[in-house]
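To keep things clear, I will list the structure first and then write my remarks on it.
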Amino acid sequence: MGRLIIVLFPFSHSFLYRFLHTGVMSDVHVTEHLARIGILLDYSSGRLLFFNAERGLVLFAIRHKFTDAAHPAFALEKAGMLTLCTGMELPEFVKQS
């Protein structure tokens, strides 16, 4: 069974987000603090998007051929709040991409 592991490292002291995917680190610099980060898995198309949920801007995207069930896992580094919303309508910017 192949595994796709992606780790998102937000840095609280800056506007830097770091994505780790298959051993490759990618830095994403944003111009404002992100209060909400959206994650969209389009399983049949093989797309995984991380996006600014308030502005609809893609932060990081990957393509992957999914062959098994997807099992997301989330963890917080420090005490805080994490809210998961599932089964949402596709954002317009995703429909157009």
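Observations on the model:
- Most fluctuating residue given options Glu32, Glu54, Glu77, as computed from a GNM of the chain linking Cα atoms under 10 Å: Glu77
- Karplus 3J(HN,Hα) series, Hz, for the range 36-44 with 6.51 cos²θ - 1.76 cosθ + 1.60 (x for Gly, Pro): 9, 10, x, 10, 10, 9, 9, 4, 5
- One chain, two ends: Leu8 and Ala79. Fully extended at 0.36 nm per residue, the span grows by 23.9 nm beyond their Cα-Cα distance.
- Comparing His71, His33, His21 in a Gaussian network model of the chain where C-alpha atoms under 10 Å apart are linked, the largest mean-square fluctuation is found at His71.
- Between Leu76, Leu16, Leu59, the Gaussian network model of the chain with springs among Cα atoms under 10 angstrom shows the greatest mean-square fluctuation at Leu76.
- Contour minus Cα-Cα distance for Ala35 and Glu92 (0.36 nm per residue): 18.5 nm
- Normalised per residue, the volume of the convex hull around the Cα set of the chain (Å³): 123
- Per-residue [θ]222 nm for the chain (sum of -39500 (n - 2.57) over DSSP H runs n ≥ 4, rounded to 500): -500 deg cm²/dmol
Computed from the coordinates by the stated procedures, all read-outs in this text should not be read as laboratory data. Small disclaimer: the values here were computed from a predicted structure and weren't measured.
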